[in-house]
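**Student:** Handing you a structure now.
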Amino acid sequence: MSVNYGSKRIVVGAHYGLRDWLVQRATGTLMVLFTLVVLIRVLATSGPLGYEGWAGIFAPQWMKFLTFSIIVALIWHVWVGMREIWMDYIKPVSVRLSLQVFTIVWLVGCAGWAIQVLWRL
Amino acid sequence: MTELVTPSRAKRPEFRNINAFKDLPGYRWPLAALVSGMHRISGLIMFLLLPFIIWLFDTSLTSEYSYARFTSLFSVGVAGVPGGLFKLVALGLIWAYLHHIIAGLRHLWMDVSHDAVSKEFGRRSAIVTLVLSLGLTAVLGAKLFGLY
């Protein structure tokens, strides 16, 4: 069997960490762009923002579409980051697994809540 | 490599099992390491406060009435918790967000530019990150606390 680990690893192969690394960059970039979109829409509001202006930013269907994607990007990003923290500092497998499960519950719950807020508008 | 075998050099300490109380206080924190550590801490803070952030998103968007509750949160507070405390937490979140986003952009820059992967750039960009994130936090914090 040919050597496919170490310096000979296959870039597209699984479990080399490239996927998480790339996900972290892609989702992070998306959130930076989304921040700019929201910021521009806030700054483009004439007069004081108020409830009408603020809710008006998220009300159009295209903005809900975008915000929904960003919520998914966010929890994926946080999952990769938090798992990294647990893997670096928490060594006992039982504690680390519990924290990872807690992280997933925390994030999935938050995502559901945020999505509900979005589509109640 | 040659400097490693120079006999006049003092032996560098070697850590096999880091003790938080004995070893960490003597740790050197170059600015790039500080930015990296703060990147983790800011991310952790935002992760732990995520339900609070979404609660703010919820109350600010749900209705005219809840929006009024949202704004009064930072002036009169809610359920015995003073408004100033909410402002402090918001300030902490503003810092966490700014630091995390700027330190993240620094990483992206290092990913696309080979010239940026050097000790010197690491140090200089760490200074830029700290100046920008703390500066912007100060500006927005002053606005939050009504200084202008």
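The values are calculated or read from the model by the stated rules, or taken from the named source; none is laboratory data. Everything quoted here is computed from the prediction, not taken from an experiment. So basically every Cβ, Gly included, is an ideal-geometry build from the backbone, and we count neighbours across all protein chains shown. Accessible surface areas use protein heavy atoms only, side chains included; no ligands, DNA or RNA. Shrake-Rupley method; radii C 1.70, N 1.55, O 1.52, S 1.80 Å.
**Student:** Filter segment B:63-79 for residues that are part of a helix (DSSP H, G or I) and open to solvent by less than 30 Å² (accessible area, probe 1.4 Å); which is farthest from the other protein chains (Cβ to nearest Cβ)?
**Tutor:** Residue satisfying both the conditions and the ranking: B:73.
**Student:** Look at residue B:31 and say whether it is at the interface with chain A (Cβ under 9 Å from one of its Cβ atoms), open to solvent by 40 Å² or more (accessible area, probe 1.4 Å) and closer than 24 Å to residue A:28 by Cβ.
**Tutor:** So residue B:31 fails the test.
**Student:** Here are B:37, B:83: which of them is open to solvent by less than 50 Å² (accessible area, probe 1.4 Å) and within 14 Å of chain A (Cβ to nearest Cβ)?
**Tutor:** B:37
**Student:** A follow-up question, please. With respect to residue B:122, determine if the residue is open to solvent by less than 60 Å² (accessible area, probe 1.4 Å) and either more than 22 Å from residue B:40 (Cα to Cα) or in contact (Cβ under 8 Å) with a residue 60 or more places away in the chain (or both).
**Tutor:** Taking the combined requirement at face value, the residue satisfies it.
**Student:** Okay, next question. Given the structure, is residue B:93 within 19 Å of the chain's Cα centre (by Cα), within 20 Å of residue A:58 (Cβ to Cβ), open to solvent by less than 50 Å² (accessible area, probe 1.4 Å) and facing chain A (nearest Cβ under 9 Å)?
**Tutor:** Criteria not met by residue B:93.
**Student:** Taking the residues in segment A:16-30 that are of a type in the set (A, V, I, L, M) and surrounded by fewer than 16 Cβ atoms within 10 Å (Cβ to Cβ) as candidates, determine which candidate is modelled with the lowest pLDDT.
**Tutor:** It comes out as A:18.
**Student:** Given the structure, is residue A:76 touching a residue at least 24 places away in the same chain (Cβ under 8 Å) and aromatic (Phe, Trp, Tyr)?
**Tutor:** yes
**Student:** Sticking with this one: Please work out which residue is nearest to residue A:52 (Cα to Cα), limiting yourself to segment B:41-52 and to residues that are more than 7 Å from chain A (Cβ to nearest Cβ) and surrounded by 18 or more Cβ atoms within 10 Å (Cβ to Cβ).
**Tutor:** Selected residue: B:46.
**Student:** Using the structure shown, decide if residue B:60 is within 14 Å of another protein chain (Cβ to nearest Cβ), among the polar types (S, T, N, Q) and either more than 20 Å from residue A:54 (Cα to Cα) or outside any helix (DSSP H, G or I) (or both).
**Tutor:** no
**Student:** Looking at (1) among the basic types (Lys, Arg); (2) more than 14 Å from chain A (Cβ to nearest Cβ); (3) open to solvent by less than 60 Å² (accessible area, probe 1.4 Å), which one does residue B:106 not meet, given that it meets all the others?
**Tutor:** (2)
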